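Trainee: Could you have a look at this structure, given as structure tokens, before my questions?
Only the coordinates and a few stated rules stand behind these numbers; no lab work does. Since the structure is predicted, the reported quantities are computational estimates derived from the model, not experimental observations. Ideal geometry is used to build each Cβ from the backbone, glycine not excepted, and the neighbour counts take in all protein chains shown.
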Amino acid sequence: MATAKSSPPRQPPRWVAYALIGLLAAGLVGLNTGRGAIRDIEATLPRTPDIATLPVSTEVVDRNGALLRPFTTADGRWRLPVGIKDVDKHFVDMLIAYEDRHFEDHHGIDWVSMVRAAGQFVGAGGHIVSGGSTLTMQLARLIEGEPTRNMAGKVRQIVHADALEHQLCKEQILTLYLNLAPYGGNIEGIRAASLAYFGKEPLRLTTAEAALLVALPQSPEARRPDRDDGAALNGRNLVLDRLVGQGVLSAEEAAAAKREPIPTARKDFPMLAPHLAQQAVLARPNARQITLTVDKRLQGALEALATARAAQMGPKVSVAMLVADQATGNILASVGSAGLLNDEADGFVDMTTAVRSPGSTLKPLIYGLGFELGMAHPQSLIEDRPTAFNGYVPVNFDGLNRGTVTIHDALTQSLNIPAVIVLDAVGVARLVSRLKRANANPILPDDTAAGLAIGLGGVGVTLRDLVSVYAAIARGGSPVHLNDGVTTPIANAEDGAPVLDPVAAWYVTDILRDVPPPLNGSVGRIAFKTGTSYGYRDGWAIGFDGKTVIGVWVGRPDGAPVPGLAGIISAAPILFEAFDRLGTPVAPFRAAPPGVLFASNSELPEPLKRFRHPNDDVMAKQAAPKIAFPADGVDVDLGVASGSAAPLIMKIRNGAPPFTFFANGAPFGRSAFSRQESWMPDGPGYVTLSVVDSKGRSDAVKVFID
């Protein structure tokens, strides 16, 4: 029950009011009892709703209280809670002037209007001509849930209005009316009506909009603008004309309002962050309001971006995005699909939580572990050559090998073989453990031990998992729980343990800032990595600046391949556009922590100049050197015959460096780490090319030079 008002307006004594009511009852509807009948009516009045517990639509709001998505009440009504402070004062003034000019002065019944109505009733032979209803009486009717069809019902309404005035203050009465007034169909309350017909909150209404919302509750079905815009127009203009006659509006203001068009259809209620909002309501079904951590402006901007970009890639393609604040873990935007109602692309599936293959997106963590364990530096050299690992033979995305490269270049170019070499050295179990430290939940194949393939996507993760991992890297290796306001983070045994040490995390970040951006990006603006899962099923791009981390997934929710899909082509441009839509300046990255070694390869300590697998000897024995180019027996056209000869590039795979290169038995080159060497022929003809590695193993080919 609401708190009673402290000082009601001056009114006749209550017994006088009841006497008048009794007189009306006895004289107009033939009741035999006066005061006794009133007491009987009072005893049957329904409980007065408490605005704090009135059944209303559950509303999911953003971090600032802005509406993201409302849900209907249990009986299917749109009734959004609203207070007087949330409604345009001009509308409130127009409502009171039109419906109940003496609202602030009467005690629930406007006796002048009631006497006039009674006289009209008698003069009309027992038919109600005008009701004389105050806003309090209209509220009584709304609480009763039954229309007033006869004088007995009117008397009950009068008694109920009198009771309401003794229970509630004027502001409480008006607030209840604003929440319960009917506006056609399943729309109740000024807030739901304003959103349904104008697509905006009722805090700022034009005069025309306010007039329509004053007129609708009088005949909510007959005047519904989505059914009869002519009736709605007449009702609105009637309100405007009467308010001009009362001096509330000027003739000019009313004339301008009449020129505004009437809405002819209901607008959709807000449906931002629909997947997350649905999860919130399922988790808290009885809540009146649920606050998420997302930002409405950013959420809306990224949902529009996802819809537009998915449409460019095909009708069955979807896009998901997740934005998180690194410091708090708060999710600022969660785009589960390119449109909840897009059935063709399974828009109902929340792809931020779907388990998919991460492609190459785990490589930064793999190299970070190598840095942390002292095995490597970003400028350490590593081999990108065909290598077998107990039957597992990874190949690069483009099928080519680069020979000896720095780890920096291996990561920026997303080479597969060096990443697997490092993973084999640091250990798969350690990688899985660090993923869990980052509050990710890697899903391994059933009944299968974790193998090296997880480094290239052979594991199941979600977009949330990857954002959590990259947030930890961005934070200098410190993990953070992602928080959306719905799910409760689950603590694990290593909760709070670092994902990487600060130096390793800084090295990874520094390398990722050099990853070549898409055409709409610029180098160094963000640190990011892309990935493409096997069979072109998932395209990923995860990036961060000094404050925010954003993850993007592109693909088909049903897992079907998408020809041409690749992280750098499909997801990376969206990632950079998402950062543009943050609306904030690029945040600076963390400063280099103590212990960072700034050096070129030649300046590194000897153990760091080349990545050394702890089991280097075993790996070297896996295969003897093999001349990868040129192949045995081929003709090589170097332009010797034309007099403009080019050098022949001899390439080696397998074996253990350093290598010595020979042409017809004469050495022409030796390299400590490189797996290729150039040789300039002195004329056309056959030549035997050979190579010898550090273990004395050799290979040779015979080719014809012309």
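Trainee: Counting only residues 5 or more places away or on other chains, whose amide H sits under 5 Å from the amide H of Gln289 once H atoms are built in the peptide plane?
Mentor: Glu59
Trainee: Where Rh is the Kirkwood radius over the Cα pairs of segment 623-705, the temperature 37 °C and the viscosity 0.692 mPa s, what D in µm²/s does Stokes-Einstein return?
Mentor: Answer, rounded: 258 µm²/s.
Trainee: Would you please give the residues with an amide H less than 5 Å from that of Asn330, counting only those at least 5 places away or on a separate chain, with H modeled from the backbone geometry?
Mentor: Close amide H contacts, sequence-distant or interchain: Asp325, Asn483.
Trainee: Would you mind counting up the charge near Ala471? Only other residues with Cβ under 14 Å from its Cβ, with Lys and Arg at +1 and Asp and Glu at -1. Mind showing how you got there, number by number?
Mentor: On the way: positive: Arg434, Arg437, Arg464, Arg475, Lys529, Lys547, Arg590; negative: Asp325, Asp465, Asp484, Asp545.
With Lys, Arg at +1 and Asp, Glu at -1, the net is +3.
Trainee: Separate question: Tell me the mean residue ellipticity at 222 nm calculated for the chain from its helices only (DSSP H runs of n ≥ 4, each -39500 (n - 2.57), averaged over every residue, nearest 500).
Mentor: -10000 deg cm²/dmol, from helical runs alone.
Trainee: In the structure shown, do any of Lys85/Lys296; Lys170/Lys200; Lys89/Lys200; Lys363/Lys436; Lys626/Lys651; Lys363/Lys547 have a Cα-Cα gap over 19 Å, and if so which?
Mentor: In this structure, Lys85/Lys296; Lys170/Lys200; Lys363/Lys547 lie more than 19 Å apart at Cα.
Trainee: If you plug each phi of segment 94-103 into the Karplus form 6.51 cos²θ - 1.76 cosθ + 1.60 with θ = phi - 60°, what whole-Hz ³J(HN,Hα) values come out, in order, with x for Gly and Pro?
Mentor: Values, residue by residue: 5, 4, 5, 5, 7, 8, 7, 4, 9, 3 Hz.
Trainee: From the phi of every residue in segment 453-458, what ³J(HN,Hα) in whole Hz does the Karplus formula 6.51 cos²θ - 1.76 cosθ + 1.60 yield, where θ is phi - 60° and glycine or proline is x?
Mentor: 4, 5, x, 10, x, x
Trainee: Here's another thing I want to ask about it. Report the extension gain between Phe348 and Val395 in nm, rounded to one decimal, defined as 0.36 nm multiplied by the number of residues separating them, less their alpha carbon distance.
Mentor: 13.3 nm
Trainee: Also, quick follow-up: Between Ala327 and Thr488, what is the spin-label point distance in nm, taking each point 7 Å from the Cα along the Cα→C-beta axis?
Mentor: Going by the 7 Å Cα→Cβ label model, 2.7 nm.
Trainee: Taking amide H atoms as placed 1.01 Å from N in the peptide plane, list the residues 5 or more away in sequence, or in a different chain, whose amide H sits under 5 Å from that of Phe668.
Mentor: Sorted by chain and number, the residues that satisfy this are Phe661, Phe662, Ala663.
Trainee: Something else about it: Quote to one decimal, in nm, the extra length available between Asp93 and Ala641 on full extension: 0.36 nm per residue of separation minus the C-alpha distance between them.
Mentor: Numbers: separation 548, 0.36 × 548 = 197.28 nm, distance 9.83 nm.
Full-extension gain reported as 187.5 nm.
Trainee: Let me ask you something else. For segment 394-444, what size does the Cα cloud have along each of its three principal axes, sorted from largest down, in whole Å?
Mentor: 34, 18, 18
Trainee: Sticking with this one: Count the net charge of all other residues whose Cβ sits under 14 Å from the Cβ of Leu282, scoring Lys and Arg as +1 and Asp and Glu as -1.
Mentor: 0
Trainee: Could you please report the charge total around Phe371, scoring K, R as +1 and D, E as -1 over all other residues with beta-carbon less than 12 angstrom from its beta-carbon?
Mentor: Residues near Phe371 contribute -3 overall.
Trainee: Can you give me the distance in nm between label points at Asp228 and His613, each placed 7 Å from the Cα along the Cα-to-Cβ direction?
Mentor: Result: 8.3 nm between the two label points.
Trainee: Another question about this same structure. Provide the packing ranking of 624-636, 40-52, i.e. peptides ordered by the mean count of other C-beta atoms within 10 Å per residue, highest first.
Mentor: 624-636, 40-52
Trainee: Given the Cα-Cα distance of Ser678 and Glu104 and 0.36 nm per residue of separation, how much length would full extension add, in nm?
Mentor: 196.9 nm
Trainee: Next question. Given an 8 Å cut-off on Cα distances and at least 6 residues of separation, report the relative contact order of segment 469-539 as a percent.
Mentor: 24
Trainee: Also, I was wondering about something else. Treat each spin label as a single point 7 Å out from the Cα along the C-beta direction, and report the Lys626 to Arg284 distance in nm.
Mentor: Those two pseudo-labels are separated by 6.1 nm.
Trainee: Let me ask something else. Would you work out the relative contact order for the chain, in percent, from Cα pairs under 8 angstrom that are 6 or more residues apart? Please list the in-between numbers first.
Mentor: Working: 1419 pairs, mean separation 69.0, N = 706.
Relative CO of the chain lands at 10 percent.
Trainee: Continuing with this model, one more query. Across the chain, where is the longest run that never hits chymotrypsin sites (Phe, Trp or Tyr not before Pro) in a DSSP loop with at most 13 other C-beta atoms within 10 Å? Walk me through the intermediate numbers first.
Mentor: Numbers: sites that count: Tyr534, Phe598.
With a cap of 13 other Cβ atoms within 10 Å, the longest stretch comes to 1-533.
Trainee: Within 10 Å of each residue's Cβ, count the other Cβ atoms and sort Ile84, Ile158, Ile542, Ile568 from fewest upward.
Mentor: Fewest-to-most ranking of Ile84, Ile158, Ile542, Ile568: Ile84, Ile568, Ile158, Ile542.
Trainee: Can I ask one more? Can you give me the orientation-averaged projected area of the convex hull built on the Cα atoms of the chain, in nm²?
Mentor: Over every viewing direction, the Cα hull of the chain projects on average to 43.3 nm².
Trainee: Another question, then. Rounding to the nearest 20 debye, state how big the charge dipole of segment 290-352 is about its Cα centre with +1 on each Lys and Arg Cβ and -1 on each Asp and Glu Cβ.
Mentor: Numbers: 4 positive and 7 negative charges, 37 e Å.
Taking the Cα centre of segment 290-352 as origin, the dipole is about 180 debye.
Trainee: Give a residue-ordered list of calculated ³J(HN,Hα) values for segment 596-605 (Karplus: 6.51 cos²θ - 1.76 cosθ + 1.60, θ = phi - 60°; whole Hz; x for Gly, Pro).
Mentor: The phi angles translate into 5, 9, 8, 7, 7, 4, 5, 8, 6, x Hz.
Trainee: May I ask you to derive the FRET efficiency for Asn64 and Leu444 from their Cβ-Cβ distance with R0 = 45 Å, giving the value to the nearest 0.05?
Mentor: Efficiency, from the Cβ-Cβ distance: 0.65.
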